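Q: Okay, handing you the structure first.
The values are calculated or read from the model by the stated rules, or taken from the named source; none is laboratory data. Just so it is clear, the structure is predicted and the values come from calculations on it, not from any experiment. All Cβ positions, even for glycine, are placed from backbone atoms using ideal geometry, and neighbour counts span all protein chains on display. Surface areas here come from the heavy atoms of the whole protein model, side chains and all, with no ligands, DNA or RNA. Shrake-Rupley method; radii C 1.70, N 1.55, O 1.52, S 1.80 Å.
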Amino acid sequence: MTAILALNSSVLGDQSVSRLLVDEAVQQLSRVNPNATVTFRDLGTTPIPHLTTSNVAGVRAVAATEHDLIARDLSDVLIAELRAADIVVIGAPMYNFSIPTGLKAWFDYVLRPGVTFSYSEAGPKGLLDSKRVIVIESRGGMYSEGPAQAFDFQEPYLRTLLGFIGLTDVTFVHAEKIGFGPDAREAALASAKSAIARSASPA
Ligand SMILES: Cc1cc2nc3c(=O)[nH]c(=O)nc-3n(C[C@H](O)[C@H](O)[C@H](O)COP(=O)(O)O)c2cc1C
């Protein structure tokens, strides 16, 4: 049985492009894997708390206080969801050239020393087993080519974060020029849906 973890992080509710495309990816993957289970986590509508001075030790050191223990337990849950998944679908809109703070907070809980990555003399090592990751990147502008390419702090950042914990089998699906009017938006959605269909199909 295939386990799918679907993460959303848009704050735009029903207007969200990435949420629509995450649903499309889940549908396509469920069609190809009929017995798949799907776990949804919505970091946009139900954000997880940011790390603060009072709880950071729960994730990055030894949990001592009640707040630390709450953070550690949440980190355990999020990492267990990630470990259990065979395929991860991440809705990652571009907000201010990078990712939404809700998604960043999720990474803050999931990148955990000694659990999902380790350091040695050879450098950092990701500790998660490899799995397929499909990242849906919705963007108001155009960053995959052209003059704004240099301002894409979203895709290289996500590639680094995922690779850091051992997830290197990553497909990025772009829905670009969402802010360029209805025709451009429709074209972006059609192109992204085709890319999702290709990446959902067995190799
Ligand atoms: C807070 C915020 C910041 C944004 N910053 C950017 C940006 O830096 N570059 C860009 O091309 N589009 C930007 N946009 C537009 C979004 O990338 C675009 O609306 C995209 O569809 C968002 O994905 P979503 O609909 O799933 O939330 C921003 C939108 C919001 C709400």
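Q: Which order do you get for 65, 2, 116, 45 if you rank them by accessible area with a 1.4 Å probe, largest at the top? Present the calculation step by step, with values, prior to reporting the outcome.
A: Working: 65 65, 2 35, 116 0, 45 90 Å².
Largest to smallest exposure gives the sequence 45, 65, 2, 116.
Q: Output the antiparallel fraction of DSSP beta bridges having both residues in the stretch 3-200, as a percent to the nearest 5. Provide the component values of the computation, followed by the final result.
A: Values: 5 of 27 bridges.
The antiparallel fraction comes to roughly 20 percent.
Q: For the stretch 134-193, what is the Kirkwood estimate of the hydrodynamic radius, computed as the reciprocal of the mean inverse distance between distinct Cα atoms, to one decimal in Å?
A: 12.3
Q: What accessible area, in Å² to the nearest ten, does a 1.4 Å probe give for residue 145?
A: Number for this one is 110 Å².
Q: Say we join alpha carbon atoms closer than 10 Å with springs in a Gaussian network model of the chain; which of 69, 82, 111 then has the biggest fluctuation?
A: The residue with the greatest mean-square fluctuation here is 69.
Q: Using modelled amide H (1.01 Å from N, peptide plane; none on Pro or chain starts), what sits under 5 Å from the amide H of residue 42, excluding residues fewer than 5 places away?
A: So residue 42 has HN proximity to 8.
Q: Report, by chain and number, residues whose modeled amide H sits under 5 Å from the one on residue 3, excluding near sequence neighbours (fewer than 5 apart, same chain).
A: 37, 86, 87
Q: Right, something else. Which ³J(HN,Hα) values, rounded to whole Hz and listed in residue order, are derived for the stretch 71-77 from phi using the Karplus coefficients 6.51, -1.76 and 1.60 in 6.51 cos²θ - 1.76 cosθ + 1.60 with θ = phi - 60°, glycine and proline given as x?
A: 5, 4, 5, 5, 4, 4, 5
Q: Okay, next question. Take a quick pass over the stretch 3-200 and tell me how many lysine pairs come in under 24 angstrom between Cα atoms, counting only ones 8 or more apart or on separate chains. Write down the numbers at each step before the final one.
A: Numbers: 104/125; 104/131; 104/177; 131/193; 177/193.
For the stretch 3-200, the number of qualifying lysine pairs is 5.
Q: If you don't mind, another one. What is the spread of the Cα atoms of the stretch 58-176 along each of their three principal axes, largest first, in whole Å?
A: 49, 30, 28
Q: Let me ask you something else. Normalising by the residue count of the chain, find the relative contact order in percent from Cα pairs under 8 Å and 6+ residues apart. List each step's numbers first, then the result.
A: On the way: 362 pairs, mean separation 46.2, N = 203.
Result for the chain is 23 percent.
Q: Report, to the nearest whole %, how much of the accessible area of the chain belongs to carbon and sulfur atoms, 1.4 Å probe, protein only.
A: Values: 5600 of 10090 Å².
The computed percentage sits at 55.
Q: Taking θ as phi - 60°, what are the ³J(HN,Hα) couplings along the stretch 5-10 by the Karplus curve (6.51, -1.76, 1.60), each to the nearest whole Hz, with x for Gly and Pro?
A: Per residue, the Karplus-derived 3J(HN,Hα) values read 10, 10, 9, 10, 9, 5 Hz.
Q: State the three equivalent ellipsoid semi-axes of the chain, derived from the C-alpha gyration tensor as the square roots of 5 times its eigenvalues, in descending order and whole Å. The partial results should precede the final answer.
A: On the way: eigenvalues 166, 76, 55 Å².
Taking √(5λ) for each eigenvalue gives 29, 19, 17 Å, largest first.
Q: Cut-off 10 angstrom, C-alpha nodes, Gaussian network model of the chain. Which of 134, 70, 165 fluctuates the most?
A: 70
Q: For a quick check: with amide H placed at 1.01 Å from N, whose amide H comes under 5 Å from residue 132's, ignoring anything fewer than 5 positions away on the same chain?
A: 88
Q: Separation between the residue 157 and residue 198 pseudo-spin-labels, each 7 Å from Cα along Cα→Cβ, expressed in nm?
A: Placing both labels 7 Å beyond Cα along the Cβ direction yields 2.6 nm.
Q: Report the Cα centroid-to-centroid distance between the stretch 77-115 and the stretch 120-143 in angstrom, as an integer.
A: Cα centres, the stretch 77-115 to the stretch 120-143: 9 Å.
Q: Round to the nearest 0.05 the FRET efficiency obtained for residue 183 and residue 12 when R0 = 25 Å and r is the Cβ-Cβ distance.
A: On the way: r = 20 Å, r/R0 = 0.80.
That pair, residue 183 with residue 12, gives E of 0.80.
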